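Have a look at the structure below, then the notes.
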Amino acid sequence: MQKITIDPISRIEGHLKAEVVVDGGTVKEANVSGTLFRGFENILSQRDPRDAVIITQRVCGVCPICHATASATAVDAALGIDAQVPDNGRITRNIILGANYLQSHILHFYILAALDFVDVTAAADYAGDDLDLRTLKDFIAHGELGPFVPRYEGDYRLSKEQNILCTKHYLEALRARRTCHELLAVFGGKMPHNCGIVPGGVSTDVSADKVVTGLGKIQQIRQFVEECYVPDVLAVAGVYSDYFGIGAGCGTLLSYGVFDLESKAGGPPERTRFLPQGITSNGGPAEPVDMTKIAENVKHSWYMNQTKPTFLDARTVSAPGKQGAYSWLKAPRYDDKAAEVGPLARVMVAYKQGDKRIKSEVNGVASAAGIGLDKCYSVLGRHAARAIEAKVLCDAMSDWMLALKPGEPVSAPLVIPNEGEGIGFTEGPRGALCHAIRIKNKVIENYQLVVPTTWNASPKDANDQPGPIEQALIGCPVKDPANPFEVVRVIRSFDPCLACAVHVMDGRGRELGVYRIA
Ligand code: NFE
Ligand code: MG
């Protein structure tokens with residue numbers, strides 16, 4: 001038996017620690033901890049409800065837009081104007097969010113995860129006359145090795161040609177991400193932290209000019225996704241095919257659905273969305289999500305126990321040093337079960353609901369990789385689902401831009417009521433996201449967020465059931481405990497973002513601890 005501690009896990013957003021116990025070359029036990037502490041839910045207390053959409057975007061620079069979307073959706077519901085968001089407002093919100101998905105997925109594969117599979121330093125050795133690779137080689141020759149090393153060694157399998165191509169695409173990916181940001185800024189005013197999404201719709205008008213610019217940019221992004229991203233995921237899948245059998249996880253996939261196709265009151269089951277809501281367990285059919293089954297558990301989290309752990313009645317009171325706790329993340333559960341959220345959940349829920357486009361893309365990738373659908377519950381399944389979602393989204397976004405009507409309204413008028421409450425369900429790039437707001441005396445009385453990485457990287461719960469990443473780690477092979485590359489590949493396949501996940505703070509605003517991350 002050997003305990004391996006990885007702290008912090010690099011190339012993810014925020015600070016995550018993993019402790020795994022390895023016995024006989026396999027992970028037997030896993031503890032995943034959020035080690036950083038932040039403050040958002042209580043910052044919002046007593047503020048104007050319209051501030052929430054601006055402030056909550058600061059939860060994260062990678063996924064500010066889903067927080068804006070969830071917040072605006074929650075405030076729309078609290079004000080009773082969710083059915084009145086005009087088509088232009090609804091569609092512009094979708095385009096802004098879609099642009100953020102695309103940059104986030106490209107960021108995740110190339111910059112955060114691909115370096116687990118692609119040997120960038122080997123590619124630089126073959127730079128030849130290639131300007132990009134020569135720059136990279138000079139960079140490495142001068143000892144400036146970050147972000148490529150230190151890294152775990154021992155399992156780089158791509159051919160010389162594949163390493164060179166994927167490394168060139170790594171550099172292309174940086175340009176493609178810039179194009180995504182520019183696209184977002186055209187419709188959302190700026191990025192990160194856009195000023196376009198507001199309660200009632202959007203604050204940015206619609207013009208033929210923006211549509212033409214946007215169509216040009218989405219075309220460039222589509223080209224990158226189709227010519228680089230999807231083929232590179234398949235190339236990695238071709239030589240690391242054992243990773244279709246590693247990191248299966250908890251077997252339950254949950255999606256709230258995202259990209260509204262209509263403006264309507266009510267939560268996910270009521271509203272038609274481009275990617276549908278649903279929950280599927282152990283390969284079974286997708287059932288409608290029942291929001292009353294969602295609750296956050298804190299047995300192993302540094303928070304005081306709460307009697308009403310759900311959404312608007314939840315409170316966030318820290319308990320550093322609490323016996324048996326090991327994470328700043330709470331443990332959200334659905335019907336007391338752990339649930340994985342993210343692109344794999346969205347794609348599989350859409351697949352099981354018969355979405356033709358998703359079905360044909362998933363079946364295409366499965367047949368190219370020579371695997372059955374059951375293998376999607378895996379490290380490579382998560383990477384493939386993210387790439388498929390990016391491809392499908394590029395096409396949808398072109399259609400959305402063409403559906404905009406210049407000159408027509410973009411937002412509904414709003415009046416802040418004395419009292420009201422609303423819940424905004426949406427999906428960030430990393431999965432199911434919800435903001436809940438209660439207004440009293442025209443200001444925020446309580447505000448709660450339940451965030452994608454809080455689901456995926458959650459600690460154990462009241463029944464000591466591990467969180468989804470912990471479950472994916474149990475059973476993972478570890479060939480060399482000094483180079484546990486299998487462990488980080490499993491964790492990174494979930495694309496964790498700890499900045500989002502540890503969005504909470506002490507109710508009285510006290511400093512709870514000072515952490516230095518080496
Ligand atoms: Ni900070 Fe986020 C997304 C949200 S993750 S990246 O996607 O919400 O938990
Ligand atoms: Mg919360």
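The values are calculated or read from the model by the stated rules, or taken from the named source; none is laboratory data. Remember, predicted model here, so these are calculated numbers, not experimental data. Positions of Cβ are backbone-derived with ideal geometry, glycine not excepted, and every protein chain shown enters the neighbour counts.
Looking at segment 445-465, which of its residues are small (Gly, Ala, Ser) and either farther than 15 Å from Ala501 by Cα or away from ligand 1 (no atom under 15 Å from the Cβ) (or both)? Once the filter is applied, which keeps residues that are small (Gly, Ala, Ser) and either farther than 15 Å from Ala501 by Cα or away from ligand 1 (no atom under 15 Å from the Cβ) (or both), segment 445-465 yields only Ala462.
A search for C-beta distances below 6 Å between a residue of segment 481-494 that is crowded, with 20+ Cβ neighbours inside 10 Å and any residue that is outside any helix (DSSP H, G or I) and small (Gly, Ala, Ser), counting only pairs 6+ apart in sequence or on different chains, returns Val490/Gly247; Ser493/Gly247. Comparison of Ala265, Ala208 shows that the only residue that is farther than 30 Å from Cys376 by Cα and modelled with pLDDT of 95 or more is Ala208. When residues in segment 312-328 are screened for being assigned to a loop (DSSP other than H, G, I, E, B) and either without any contact (Cβ under 8 Å) to a residue 40 or more places away in the chain or of a type in the set (A, V, I, L, M, F, W, C) (or both), 9 of them pass. When restricted to residues that are assigned to a strand (DSSP E or B) and in contact with a strand residue (DSSP E or B) (Cβ under 7 Å, 6 or more places away or on another chain), segment 1-45 contains 22. Would you please list the contacts, defined by Cβ atoms under 8 Å and residues six or more apart or on different chains, that run from a residue in segment 120-132 that is free of Cβ contacts under 8 Å to residues at least 12 places away in the same chain to a residue that is crowded, with 16+ Cβ neighbours inside 10 Å and among the hydrophobic types (A, V, I, L, M, F, W, C)? From segment 120-132, the pairs are Ala127/Leu133; Ala127/Leu136.
Based on this model, can you work out whether Ile140 counts as at pLDDT 80 or above, over 21 Å from Gly14 (Cβ atoms) and outside any loop (DSSP other than H, G, I, E, B)? No, not satisfied. The single residue among Thr26, Thr35 that is farther than 30 Å from Arg438 by Cα, more than 15 Å from ligand 1 (Cβ to nearest atom) and of a type in the set (S, T, N, Q) turns out to be Thr26. Entry remark, segment 118-137: residues being in contact with a Phe, Trp or Tyr (Cβ under 6 Å, 6 or more places away or on another chain) and in a loop (DSSP other than H, G, I, E, B) number 1 in total. Taken over segment 446-457, the residue count meeting the criterion of being among the aromatic types (Phe, Trp, Tyr) and at pLDDT 95 or above is 1. Does Pro285 meet the test of being surrounded by fewer than 21 Cβ atoms within 10 Å (Cβ to Cβ) and outside any loop (DSSP other than H, G, I, E, B)? So Pro285 fails the test.
With a requirement of 2 or more residues that are at pLDDT below 95, the helices (runs of 4 or more DSSP H) lying completely within segment 458-507 that satisfy it span 498-501. Restricting attention to segment 456-474, the residues being surrounded by fewer than 24 Cβ atoms within 10 Å (Cβ to Cβ) and not basic (Lys, Arg) number 8. Within segment 94-124, restricting attention to residues that are over 14 Å from Leu183 (Cβ atoms) and among the hydroxyl-bearing types (Ser, Thr, Tyr), the residue that is nearest to the chain's Cα centre (by Cα) is Tyr110.
Would you confirm whether any residue within segment 69-86 is hydrophobic (A, V, I, L, M, F, W, C), within 16 Å of ligand 2 (Cβ to nearest atom), crowded, with 16+ Cβ neighbours inside 10 Å and outside any strand (DSSP E or B)? Yes, segment 69-86 contains a residue that is hydrophobic (A, V, I, L, M, F, W, C), within 16 Å of ligand 2 (Cβ to nearest atom), crowded, with 16+ Cβ neighbours inside 10 Å and outside any strand (DSSP E or B). When the criteria are applied in full, Gln448 fails the requirement of being over 24 Å from Tyr101 (Cα atoms), touching a strand residue (DSSP E or B) at 6+ places or on another chain (Cβ under 9 Å) and polar (S, T, N, Q).
Going through (1) within 21 Å of the chain's Cα centre (by Cα); (2) touching a residue at least 40 places away in the same chain (Cβ under 8 Å) one by one, Arg273 falls short only on (2). From the list Val75, Val85, Val21, the lone residue that is of a type in the set (A, V, I, L, M), free of Cβ contacts under 8 Å to residues at least 40 places away in the same chain and more than 14 Å from ligand 1 (Cβ to nearest atom) is Val21.
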